[in-house]
2 protein chains.
Amino acid sequence: MEGFLIDVRRSYRAEALCVVQPADTSEVSDVMKLCHERGIAVTPMGGNTGLVGGAIARTEVPGIILSLKRMNRVRELSLVDDTITVDAGCVLADIQRTVADADRLFPLNLSSEGSCQIGGNIATNAGGVTAVRYGTMRQLVLGLEVVLPNGTVLNGLLKLRKDNTGYDLRQLFIGAEGTLGVITAAVLKLFPAPKATATAMLAVASVDLAMEVLGLVRSAFGERLTSFEIISADYMDVVLRNVAETRSPFIERPAWNLLVEITDSNGDADLAAPMEAVLKTALERELIADAVIAQSEAQAASLWHLRHAVSDAIRYAGPNMSHDSSVPLDKQGVFAELTYARIGARFPESEVLMVGHLGDGNMHIVVLFKPDRFAGREDYMAASEAIDLIIDAIVVELRGSITAEHGVGLSYRYRLDRTTEPAEIELMRAIKNAFDPKGIMNPGKILLPSSR
Amino acid sequence: MEGFLIDVRRSYRAEALCVVQPADTSEVSDVMKLCHERGIAVTPMGGNTGLVGGAIARTEVPGIILSLKRMNRVRELSLVDDTITVDAGCVLADIQRTVADADRLFPLNLSSEGSCQIGGNIATNAGGVTAVRYGTMRQLVLGLEVVLPNGTVLNGLLKLRKDNTGYDLRQLFIGAEGTLGVITAAVLKLFPAPKATATAMLAVASVDLAMEVLGLVRSAFGERLTSFEIISADYMDVVLRNVAETRSPFIERPAWNLLVEITDSNGDADLAAPMEAVLKTALERELIADAVIAQSEAQAASLWHLRHAVSDAIRYAGPNMSHDSSVPLDKQGVFAELTYARIGARFPESEVLMVGHLGDGNMHIVVLFKPDRFAGREDYMAASEAIDLIIDAIVVELRGSITAEHGVGLSYRYRLDRTTEPAEIELMRAIKNAFDPKGIMNPGKILLPSSR
């Protein structure tokens, strides 16, 4: 069972009676019926790549872990409908490859795509590096098959772009982190495959200048802008130091690195010349200090490697706390400033690293400490709590989100509770109670145990 | 009060104590608090353009009509965030114009855009002629301000592209037709303004051939395909006969007319040459019989006039029943065939007219009868019920939706009830009960009165 008990960040250890691995939806239904009858807690698990403990079983009375990994069939690929219907246990990268072979794109793109499963991606409304163009998982699902806590199967595997038959239950399961039912299959939207790509890395001096570059790029490329990522100098240093086969494309060390990708489904589209023109304008206006355009797929891949290496880079770098915030785009500069200033004032010995999806407003903050900084777990937790409070205050002030794409799980329940209007929490509790009156479905996630 | 009592199709007449027209959100909240205290039913109304009676007050005990029309301010336009924040009572066309002046696009495009209000568009998850590219209203809303049935204001006017803080209450209000709360304001997503457009009308012999044309167009234009509409020959005849300034661009009368629009935010993009190439290929492969490409904005507008005139065309054409179905794209041909065959067999004296958004799978069926066909209302209702049963059976068989974009309102409650799994209806009732335990919020819509 060991592989099902520890999360990828090694922050939590589960306690469970057993791991159940059903082969199909009817077996999931049987398992849920039995557990519903006996009042046994069920924690669904996909690829176990979640960063907030949402799939880690930690219930008052140990229950079962329901792994979807054996359910990994592609049920149907419809090129006329531009849809693929998949079991929840399909690995994201496998889906990407299957549709690429059929000259289509499934645009969700995450660092964990080699092992995360689509059911988990849906349950957590995954985001990633292409949301600026394609949105998050919520925009990429047309239909869902869900097993309810009492074992009833809702067959909503519809391939429809328009469907207004009452309340949208599908959207409610998306992002509910397995607390309302078990997602067993989904119909996903496909897009035209990109046939022309331009990838560039840019050196900029500030987030405000990066936002001006974003404006330029959007004017020039419109709907073709696919990724607009940012990495701070300090974070890039940690990547270059700790991860193999990483090399900065710049001679001078920029305060911020921007990674920009433009794609077009028209193979004849000329993206290189307009990209050069945009960068020339940006240089002339002194918005950027330097820039490189990838001249081959290999060069593009090595620029992307710098971006995707950020998680590996901090794994052994020292004790750290990582955050997943979004704020409006017109507040990105002030968000970075306030974060540096307030965490720097409280923890001058820390390094504040930033990496994010600037194009969609989602910035990840990592606060990194020296290996010997904390005497023990309690000491670490106290610092972590102080940092949470600092970031929460900034996010609330700027009308942002304390968890942009990672979800709530176990990690952010207290932060959700204290930053959300009580009326909203009450509605969430009422929904939970309506779907799962016995409270057996992934209990203890998202909402704090109710005192009622 | 008269203008608030009759729906645009003149199918329903409301009964209400009064019309309340609040000036802002806090007045809406006060009204809801009072009604909640006294148990008075509240029916919210936007532009009164709904086609299923969703905004028509028909409650057991007369309540009030809550008109949002005085709340019509633009609260904020953020070009950095590509968002506009608007009061619920803003007219769709006014929003389109405001953002066009700022070189942006709000893509929702409906025949009723000159009078429908954005709050109603959101409450009904409106679709229209651009959903093939931009999705329905559900994909176009980032944030919502909602007044709950008890008067509590949920301020969710966030400008965020990523936000995973618990259950997505916003998505639940979208499409709930005002039965869970009153939408008072919204943050809408904006897109790059189109700078190049190609519009063409094509003559095709069958829906199956139209689907092959769709495949060709998608291969050639990918993400640039903005509209792909279809009008049957019989429906086009009714348009040409009944609406001023309409003229078919074809010499021969085609079995089906396709209206295709491609747009690009890049003004230098050449769309005309590839459009000609696609049409040439389609002609050579005998997929189409004829085609015209608009040579000016005026020509494009006159092609669109044929499409947008379909509602006016049947207004005085005779007694009719109109439907709003979607089926998967790979079932469009068989859907049209079965509909013609089964309605034709049962009502050989009727004309079955079809118009729809073929690119997103949404077909509108209008069954038109001679003016003197029905002896009275009962006779008409019996035929209407028989046609409902025929279409519902086909839609269920093909895994489609009985109400793709119009919603349920008063008109489709029985059809929703009999075509939906009981478990889903139960969940909808539980949600309704959680949000509106006193049942004062637009009662009698979507769900049938419960026997419980």
Which ones in region A:429-438 are free of Cβ contacts under 8 Å to residues at least 40 places away in the same chain, buried (at least 16 other Cβ atoms within 10 Å of the Cβ) and more than 7 Å from chain B (Cβ to nearest Cβ)? A:R429
Do we find a residue being crowded, with 24+ Cβ neighbours inside 10 Å, in a helix (DSSP H, G or I) and of a type outside the set (K, R) anywhere in region A:342-351? no
Would you confirm whether or not region A:215-224 contains a residue that is small (G, A, S), touching a helix residue (DSSP H, G or I) at 6+ places or on another chain (Cβ under 6 Å) and open to solvent by 10 Å² or more (accessible area, probe 1.4 Å)? yes
Go through (1) among the hydroxyl-bearing types (S, T, Y); (2) over 30 Å from B:L329 (Cβ atoms); (3) within 23 Å of the chain's Cα centre (by Cα) one by one and return the number of the condition B:T130 breaks. (2)
Could you go through region A:377-393 and let me know if any residue there is modelled with pLDDT under 95 and either in contact with a strand residue (DSSP E or B) (Cβ under 9 Å, 6 or more places away or on another chain) or away from every other protein chain (no Cβ under 14 Å) (or both). yes
Please go through region B:99-109 and give me each residue that is open to solvent by 40 Å² or more (accessible area, probe 1.4 Å) and more than 12 Å from chain A (Cβ to nearest Cβ), ordered by number. B:A100, B:D101, B:N109
Output for region B:285-341, where each listed residue is of a type in the set (A, V, I, L, M), buried (at least 17 other Cβ atoms within 10 Å of the Cβ) and within 23 Å of the chain's Cα centre (by Cα): B:A300, B:L303, B:L306, B:A309, B:V310, B:A313, B:I314, B:A317, B:M321, B:V327, B:L329, B:A336
Please state which one of A:C18, A:C35 is loosely packed, with under 14 Cβ neighbours inside 10 Å and in contact with a strand residue (DSSP E or B) (Cβ under 8 Å, 6 or more places away or on another chain). A:C18
Do we find that B:N155 is more than 7 Å from every other protein chain (Cβ to nearest Cβ) and outside any loop (DSSP other than H, G, I, E, B) in this structure? yes
Extreme residue, nearest to A:S350 (Cα to Cα), among residues of region A:370-400 that are open to solvent by 50 Å² or more (accessible area, probe 1.4 Å) and assigned to a loop (DSSP other than H, G, I, E, B): A:K370
Out of the residues in region B:110-148 that are assigned to a strand (DSSP E or B) and open to solvent by 10 Å² or more (accessible area, probe 1.4 Å), which is farthest from the other protein chains (Cβ to nearest Cβ)? B:Q117
Being at the interface with chain A (Cβ under 10 Å from one of its Cβ atoms) and under 20 Å from B:D7 (Cα atoms) narrows B:E421, B:E426, B:E405 down to just B:E405
Restrict the check to region B:258-265 and report whether at least one residue is within 26 Å of B:G344 (Cβ to Cβ) and in contact (Cβ under 8 Å) with a residue 24 or more places away in the chain. yes
What pairs come up if the first residue lies in region B:163-184 and is farther than 15 Å from B:M428 by Cα and within 7 Å of chain A (Cβ to nearest Cβ), the second is open to solvent by less than 10 Å² (accessible area, probe 1.4 Å) and of a type in the set (D, E), and their beta carbons are under 9 Å apart, counting only those six or more places apart or on different chains? B:N164/A:D324
Please pick out the residue among B:I84, B:I64 that is touching a Cys at 6+ places or on another chain (Cβ under 7 Å) and in a strand (DSSP E or B). B:I64
For region B:1-15, which positions are surrounded by 14 or more Cβ atoms within 10 Å (Cβ to Cβ) and either touching a Cys at 6+ places or on another chain (Cβ under 9 Å) or part of a helix (DSSP H, G or I) (or both)? B:F4
Quick one: would you say A:G359 is within 14 Å of another protein chain (Cβ to nearest Cβ), under 25 Å from A:D234 (Cβ atoms) and small (G, A, S)? yes
As an exercise: evaluate A:V243 against (1) at pLDDT 95 or above; (2) open to solvent by less than 50 Å² (accessible area, probe 1.4 Å); (3) out of contact with any Asp or Glu (no Cβ under 6 Å at 6 or more places or on another chain) and give the number of the one condition it does not meet. (3)
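The values are calculated or read from the model by the stated rules, or taken from the named source; none is laboratory data. Because the structure is a prediction, the values reported are computed rather than measured. Note that we place each Cβ from the backbone using ideal geometry, even for glycine, and neighbour counts take in every protein chain shown. With ligands, DNA and RNA removed, areas are computed over all heavy atoms of the protein, side chains included. Shrake-Rupley method; radii C 1.70, N 1.55, O 1.52, S 1.80 Å.
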